[in-house]
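Read the structure below first, then the notes.
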Amino acid sequence: MAVPESSLEATIDTIAAISTPPGRGGIGIVRLSGPLAASIAVQLVRLTHPLEPGRARLADVLDEDSGIDAGRIDEALVTFFGAPHSYTSEDLVEIAAHGSPVVLELLLNRALDLGARLAEPGEFTQRAFLSGRLDLTQAEAVRDLIEAQTLMQARQAASQLGGALSRRVQPVKQDLVELIALLEAGIDFAEDDIDVTPQTEIARRIEELTPPLLALEATFTRGRIVHDGLTLAIVGRPNVGKSSLFNRLVERDRAIVTATPGTTRDTVSERISLEGIPLELVDTAGLRAGLREALEEAEELGIVRSREALADAALVIVVLDATQPLNEEERQLFASVEGRPAIVAINKSDLAPAALAPSECDGLPQVTTSALTGEGIPALRERILTLATGGAAAEPGMLTSLRHRNAIATTLAALSDAAQANANSIPHEMILLDLYRALWALDSLTGQTTSDDILNLIFATFCIGK
């Protein structure tokens, strides 16, 4: 059914998209949002009852080109959310049919023919942000929740979506606004009987703003790791049990293990979740010195890739053989990870006592393990987790991206400049410049002053239909 030309102009801001992943599934959803979402939806299906906000209606999906009188090719559940009580704060309709790509494409194409336009990536969530239903940290959390690969990531995203980060920032922002208002009042009414804010009072107020921001900035270490995960390389000389430890950590036989040294010729990687922290484990070829002509080409290439994996990894496990004395290559390995998060795993403890003096392994933390019996594996996991998080505990409202961290760092720097200016008796007009810079940085965190370029970059990473 076509709509009048005047109606087409009115539907310019009505968007439509398939909101479920591509491919076949039990259920597929076509979503529409905008002023004519409901009027378009009722032309796509045959409803058993009229649409009503907040209620689902059974409907038939019609194929008007079939030439058959009924034209029914599927059944659907149609839910109407009236503005402003919807995800986008606009009229929004979701049509849930069986997840046949053919049926979903039929619904979408007919919606586009009736005047809707195809939604851009993230446009539904962007409309929720622009309408004030979500702030920017919450909008980013929608994407994070969709992309979560571990339960910890999902919990963190849900916490952000619930406004945990915004709630941590709001009291600081409120106190900052009050200080700005106090100084502005002193300037505006300088010729009246309004007292100028004393230097000590300004210093006290700025000082009180700093601790909660420093505490928030400190959450970035764990928040970023929960969000992005880390890469852990398992390195050592041949036949020390690297692949066996790798299999123990991934809890399945992922890497080939034989008694022949040098079995692993290339890096093998696997993603795991350790207490909700995403880790990519990389098993590497054994590192050993020797003349290039004495090594097979495959082994030589494997050693090159092992050294690349060692250089790129955020965490390193150096595996030793408890039955063998330290050699020069292993001492060089200790030197290569100096200053980096690393653990020494002394493997094959079931065959020989295993312990090194701290000075022998450059003070790196040691764990005694047996990949054969499983001894020490829980302790190794615990050490990895501690090393990955730096001992930082999970808490609500953590900073999870570099954008978040930069906003807080800018705020702290601006407050430091304001405190220094106040200590030097700089006029209040100049102190206010620093305080406003701090306020703008906090506003950019939640999106009040974020530029269009940044917004477009953020929402472009969303999937279409969300």
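The values are calculated or read from the model by the stated rules, or taken from the named source; none is laboratory data. These numbers were taken from a predicted model, which means no experiment stands behind them. Note that each Cβ is placed from the backbone with ideal geometry, even for glycine, and that neighbours are counted across all protein chains shown.
When both residues are 6+ apart or on different chains and their Cβ atoms are under 6 Å apart, which pairs have a first residue that lies in the stretch 145-174 and is surrounded by 14 or more Cβ atoms within 10 Å (Cβ to Cβ), and a second that is outside any helix (DSSP H, G or I) and acidic (Asp, Glu)?
Note: pairs meeting the criteria are Ser166/Asp135.
Of these, Ala139, Ala97, which one is in a strand (DSSP E or B), in contact with a Gly (Cβ under 8 Å, 6 or more places away or on another chain) and of a type in the set (Gly, Ala, Ser)? Before the answer, list the steps.
Values: Ala139 fails: in a strand (DSSP E or B).
Exactly one residue qualifies, and that residue is Ala97.
May I ask you to list the residues in the stretch 387-415 that are without any contact (Cβ under 8 Å) to a residue 60 or more places away in the chain and either closer than 30 Å to Gly241 by Cα or of a type outside the set (A, V, I, L, M) (or both)? Lay out the reasoning, then the answer.
Initial filter on the stretch 387-415 (without any contact (Cβ under 8 Å) to a residue 60 or more places away in the chain): 391, 403, 406-407, 410, 413-414.
Scanning the stretch 387-415 gives Gly391, Arg403, Asn406, Thr410.
State the number of residues belonging to the stretch 74-113 that are over 15 Å from Asp63 (Cα atoms) and of a type in the set (A, V, I, L, M).
8
Please work out which residue is modelled with the highest pLDDT, limiting yourself to the stretch 308-321 and to residues that are farther than 25 Å from Lys348 by Cβ and among the aliphatic types (A, V, I, L, M).
We begin by selecting, within the stretch 308-321, every residue farther than 25 Å from Lys348 by Cβ; these are 308, 311-312, 314.
Add one more test, that the residue is among the aliphatic types (A, V, I, L, M), and what stays is 311, 314.
Details: Ala311: 84, Ala314: 89.
Filtering the stretch 308-321 for residues that are farther than 25 Å from Lys348 by Cβ and among the aliphatic types (A, V, I, L, M), the one modelled with the highest pLDDT comes out as Ala314.
In this structure, does Ala379 turn out to be without any contact (Cβ under 8 Å) to a residue 60 or more places away in the chain, surrounded by fewer than 19 Cβ atoms within 10 Å (Cβ to Cβ), under 30 Å from Glu330 (Cα atoms) and hydrophobic (A, V, I, L, M, F, W, C)?
Numbers: without any contact (Cβ under 8 Å) to a residue 60 or more places away in the chain: yes; surrounded by fewer than 19 Cβ atoms within 10 Å (Cβ to Cβ): yes; under 30 Å from Glu330 (Cα atoms): yes; hydrophobic (A, V, I, L, M, F, W, C): yes.
In short, yes.
Outside any loop (DSSP other than H, G, I, E, B) and surrounded by fewer than 21 Cβ atoms within 10 Å (Cβ to Cβ): does that describe Glu429? Step through it out loud before you land on a result.
Details: outside any loop (DSSP other than H, G, I, E, B): yes; surrounded by fewer than 21 Cβ atoms within 10 Å (Cβ to Cβ): yes.
Against the criterion (outside any loop (DSSP other than H, G, I, E, B) and surrounded by fewer than 21 Cβ atoms within 10 Å (Cβ to Cβ)), Glu429 qualifies.
Specify the residue that is surrounded by the fewest Cβ atoms within 10 Å (Cβ to Cβ); the eligible residues are those in the stretch 3-18 that are assigned to a loop (DSSP other than H, G, I, E, B) and modelled with pLDDT under 95. Full working, then the answer.
Our first condition is that a residue be assigned to a loop (DSSP other than H, G, I, E, B); within the stretch 3-18, this holds for 3-4, 14.
Subsequent filtering for residues that are modelled with pLDDT under 95 retains 3-4.
Values: Val3: 16, Pro4: 9.
This residue is Pro4.
Residues that are closer than 30 Å to Thr210 by Cβ, touching a Pro at 6+ places or on another chain (Cβ under 6 Å) and among the hydroxyl-bearing types (Ser, Thr, Tyr): does the stretch 126-138 have at least one?
No; the residues of the stretch 126-138 include none that is closer than 30 Å to Thr210 by Cβ, touching a Pro at 6+ places or on another chain (Cβ under 6 Å) and among the hydroxyl-bearing types (Ser, Thr, Tyr).
Condition check: assigned by TED's automatic domain parsing to the domain that holds Tyr436, farther than 30 Å from Gln332 by Cα and either among the aromatic types (Phe, Trp, Tyr) or modelled with pLDDT of 90 or more (or both). Does Ala181 satisfy that? Quick ask: steps written out before the conclusion?
Numbers: assigned by TED's automatic domain parsing to the domain that holds Tyr436: yes; farther than 30 Å from Gln332 by Cα: yes; either among the aromatic types (Phe, Trp, Tyr) or modelled with pLDDT of 90 or more (or both): no.
Here the answer is no, as Ala181 does not meet what is asked.
Kindly establish whether Thr88 is in contact with a Lys or Arg (Cβ under 7 Å, 6 or more places away or on another chain), part of a loop (DSSP other than H, G, I, E, B), β-branched (Val, Ile, Thr) and in contact (Cβ under 8 Å) with a residue 40 or more places away in the chain.
Numbers: in contact with a Lys or Arg (Cβ under 7 Å, 6 or more places away or on another chain): yes; part of a loop (DSSP other than H, G, I, E, B): yes; β-branched (Val, Ile, Thr): yes; in contact (Cβ under 8 Å) with a residue 40 or more places away in the chain: yes.
Yes.
If you go through the stretch 29-46, how many residues are modelled with pLDDT under 95 and assigned to a strand (DSSP E or B)?
Matching residues across the stretch 29-46 total 2.
Checking the conditions here, which among Ile426, Ile384, Ile431 is among the β-branched types (Val, Ile, Thr) and free of Cβ contacts under 8 Å to residues at least 12 places away in the same chain? Write out each step before concluding.
Working: Ile384 fails: free of Cβ contacts under 8 Å to residues at least 12 places away in the same chain; Ile431 fails: free of Cβ contacts under 8 Å to residues at least 12 places away in the same chain.
Answer to the check: Ile426.
Consider the stretch 325-337. How many of its residues are outside any helix (DSSP H, G or I) and without any contact (Cβ under 8 Å) to a residue 60 or more places away in the chain?
From the stretch 325-337, those outside any helix (DSSP H, G or I) are 325-327, 337; that's our starting set.
If we keep only those that are without any contact (Cβ under 8 Å) to a residue 60 or more places away in the chain too, we end up with 325-326, 337.
The number of residues fulfilling the criteria is 3.
The conditions are (1) at pLDDT 90 or above; (2) polar (S, T, N, Q); (3) under 24 Å from the mean Cα position of the chain (by Cα), and Thr389 fails exactly one of them. Which is it?
(1)
So how many residues does the stretch 138-162 have that are within 11 Å of the chain's Cα centre (by Cα) and closer than 19 Å to Leu216 by Cβ?
Qualifying residue count, the stretch 138-162: 6.
Scan the stretch 373-414 for residues that are acidic (Asp, Glu) and in a helix (DSSP H, G or I) and report the count. Let's see the steps before the verdict.
As a first pass, look at the stretch 373-414 and keep what is acidic (Asp, Glu): 375, 382, 395.
Restricting the remaining residues to those that are in a helix (DSSP H, G or I) gives 382.
Total satisfying the criteria: 1.
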